[in-house]
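Let me begin by presenting the structure, written as structure tokens, before commenting on it.
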Amino acid sequence: MIEFKEVDKTYFPLYDQVTANVDIRSEYRVNRIDGGLGGLIFEKVPVTPCVKDLSKYERAVEYEDMFDISKWRFFMAFDGDIPVGAVTVAGTTKGMDMLGESTGACVLWDIRVADAYKHMGIGQGLFDLGKAAAKADGYKTMIIECQNNNVPACNFYKKQGALLSKVDMNAYESEPEIADEVQFVWRLEL
């Protein structure tokens, strides 16, 4: 039986044990109409299958080195003593670009489920806990980032009622390994 619980920073080493792999088999290709003035077209296209390990970009044990995490909430899922899922909701934080000037918004900073435990409702359970915590903390909006090649995440956030609010085709241009990826930013009203 899977147990969900709120955790603190002492759990970060366990948090980081949870894989953050994305099984990429397709992507949403973004095409501009009339140079973008006519809008955008999103086309789901197959790509060469691969697995992208997001944990190399995101390690909980490093959160405090980058940010004041006093307004952040962390939840994990366990199968007995084995960590199988985790989510971080970042509250109002100085220096967090995704929030801009907004004080009524939080960020779904990270959500992950171990490969062997995907498609079992764990991600939904973690998301629901994070969303409830954000509401309880008084946030009105949750901001969520993902990339165009993380089709499962895009579909999941859409299913939650989030709306795609920003598409940045150059967000990662300074990072050669992912320069061709497109940033999608979703907004979920809480």
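All of the numbers you see were taken from the coordinates with simple rules; none came from a lab. These figures come from a predicted structure and were not determined experimentally. Note that each Cβ is placed from the backbone with ideal geometry, even for glycine, and that neighbours are counted across all protein chains shown.
Full-extension gain between Lys158 and Leu40, please, as 0.36 nm times their residue separation minus the C-alpha to C-alpha distance.
Result for the pair: 40.7 nm of gain on full extension.
May I ask for the angle, rounded to the nearest 10°, between helix 122-136 and the longest principal axis of the chain, with both axes built from Cα atoms and the value confined to 0 to 90°?
So the helix axis and the longest Cα principal axis differ by about 80 degrees.
Can you list the equivalent-ellipsoid semi-axes of the chain, largest first and in whole Å, using the square root of 5 times each Cα gyration tensor eigenvalue?
Three semi-axes, in Å: 27, 20, 16.
Which one, Ser70, Ala153, Leu54, projects farthest toward the positive side of the charge dipole computed for the chain from Cβ point charges (K/R +1, D/E -1)?
Checked the options; the winner is Ala153.
Extending each Cα 7 Å along its Cβ direction at Ser165 and Leu14, get the distance between those two points in nm, one decimal.
Taking the simple label geometry, Ser165 and Leu14 are separated by 3.3 nm.
Using only the C-alpha atoms of the stretch 93-190, find the volume of their convex hull and express it per residue in Å³.
So the per-residue Cα hull volume is 111 Å³.
Using only Cα atoms, locate the centre of the stretch 121-190 and the centre of the stretch 1-58, then give the distance between them in Å, rounded to an integer.
When both Cα centres are located, 9 Å separates them.
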